[in-house]
There are 2 protein chains.
Amino acid sequence: MQRANHQHLILPVLILFVFSLFINTEKAMSQHANETLNVIHNRSSIRHFSEQAVPSEMVETLLRAAMAAPSSRNVQPWLFYVVEDREVLIRLSEELPSARMLAHAPLAIVVCGDIQKGDPNEEQVHNWVMDCSAATQNLLLAAESLGLGTVWTGVHPYADRIATVRNALRLPAHIIPLNVIPVGYPAAHAQPKEKWDPEKVKHIRAEK
Amino acid sequence: MQRANHQHLILPVLILFVFSLFINTEKAMSQHANETLNVIHNRSSIRHFSEQAVPSEMVETLLRAAMAAPSSRNVQPWLFYVVEDREVLIRLSEELPSARMLAHAPLAIVVCGDIQKGDPNEEQVHNWVMDCSAATQNLLLAAESLGLGTVWTGVHPYADRIATVRNALRLPAHIIPLNVIPVGYPAAHAQPKEKWDPEKVKHIRAEK
């Protein structure tokens, strides 16, 4: 009789167990959906941040993700400025277009290219733009996966914006800022834009 | 007696249930690790592919991920050529440097920029490079998350490579190929490069 008291638990526990397995399997199988694809599709530009500080270990997690990007000839021509100085953030928010939110973001990461890295021939020297863009995208996705919000505010190739950031951060001449990325906890949920457009896919198949 | 037969199931089922909960929680809590960060860090360049075909729904999943990238002023200046014509793949493998693997890849995706999109002023017109690079990185990560292998073989900004791809794919003059990405199931596991370098992080904090 004493042991029989637990019998009523069998069914609910079994149901919960089977259900928990189902959740994971379902996630992996439905239309190739997985956590990474969810993060890629849920990321959107965040321009309003809460007061909550971003722990420094999280900033390192973002930078580690950024540096895991592919790099042409493995040159890794990137450099990351983590800006927490409120005066510098306010100055950038006033002098850059579309960057007002910097004044209220807990911090910003400025992704830069080092044009002294790699082969100095005319063409190869431009590869920092692709490498640093891929690194930036890793950073944005890592932030989204941690519940942080970001927005890519462009600097390169605008000469005036490059000068503004160069002066505010005292960058040497061979370091070119690609963008300024404010980082913080989102003040509100943002709906990602739907950008899928099958017209932008062309197929090249064997002619028969 | 008949019902008591199931009593021996209670403990193992409870243990399994608690264990399954633990696996998920552990994953989310350890050092900010999550599936997306794992995918970002596990991605590496894959140059050898198995014979296994890539289902067309998976290709669409990759392209949907690519088009979810951020785009300056939401111009979305990208265009994707999915190349399955073996003759074209072989031709590209012979005429492009470092692209031999194309001959044996099930397919390749050529990420292009449309320079007729967006503001035609001197500076804005270059934003397709960043937008298409971010889209490419989404594509590489989506592929990794699905167990597919890829490698970013650069085309832009090399004039000779652009001409090669333009001729092979018959691209109009305003479409510029950024890269060629072979896609397939990896023939073997590849070890990602360790690129984390704290020297590449600079801090700008308030002077006191």
By accessible area of protein heavy atoms, probe 1.4 Å, what ranking do B:L146, B:L62 get, highest first?
B:L146, B:L62
Nothing charged except the Cβ atoms of Lys and Arg (+1) and of Asp and Glu (-1): what's the magnitude of the dipole of chain A about its Cα centre? Round to the nearest 20 debye.
480
Taking Cα atoms only, Rg over Rh for chain A with Rh from the Kirkwood formula is 1.15
Comparing A:T153, A:T136, A:T36, which has the greatest mean-square fluctuation in the GNM of chain A with Cα pairs linked when under 10 Å apart?
A:T36
Ascending list, in nanometres, of distances separating the B:H8 label from those of the other copies (7 Å, Cα toward Cβ)
2.6
Positive-end residue, the protein assembly as shown charge dipole about Cα centroid, Cβ charges, pick of A:L11, A:H156, A:L102
A:L11
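Go ahead and run the numbers for FRET between B:A187 and B:E60, Cβ-Cβ distance against an R0 of 25 Å, rounding to 0.05. Don't jump to the answer; show the numbers that get you there.
Values: r = 24 Å, r/R0 = 0.96.
About 0.55, to the nearest 0.05.
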Over all residues in B:81-93, what is the mean tally of Cβ atoms on other chains that come within 10 Å of each residue's Cβ?
2
Nm distances between the label at B:Q116 and the same-position labels in the remaining copies, 7 Å along Cα→Cβ, shortest first?
4.4
Is any helix in chain A, taking whole DSSP H runs, at least 24 angstrom long along its axis by alpha carbon and on average at least 1.0 on the Kyte-Doolittle scale, and which ones?
A:7-29
If R0 is 35 Å, what FRET efficiency do you get for B:R205 and B:N38 from their C-beta distance, rounded to 0.05?
0.65
Loop only by DSSP, 16 or fewer other Cβ within 10 Å of the Cβ. Give me the GluC sites (Glu not before Pro) in region B:48-140 that pass, ordered by residue number.
B:E51, B:E122, B:E123
Quick one: give the max-minus-min coordinate of the C-alpha atoms of the protein assembly as shown along each principal axis, largest first, in Å.
85, 71, 35
At A:R170, with labels set 7 Å past Cα in the Cβ direction, how many nm apart are the copies from this one, shortest first?
5.9
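The values are calculated or read from the model by the stated rules, or taken from the named source; none is laboratory data. In this text the structure is predicted, and so the values were computed from the model without any measurement. No Cβ is skipped: glycine too gets one built from the backbone with ideal geometry, and neighbour counts run over all protein chains shown. What goes into the accessible areas is simple: the full protein's heavy atoms, side chains included, and nothing from ligands, DNA or RNA. Shrake-Rupley method; radii C 1.70, N 1.55, O 1.52, S 1.80 Å.
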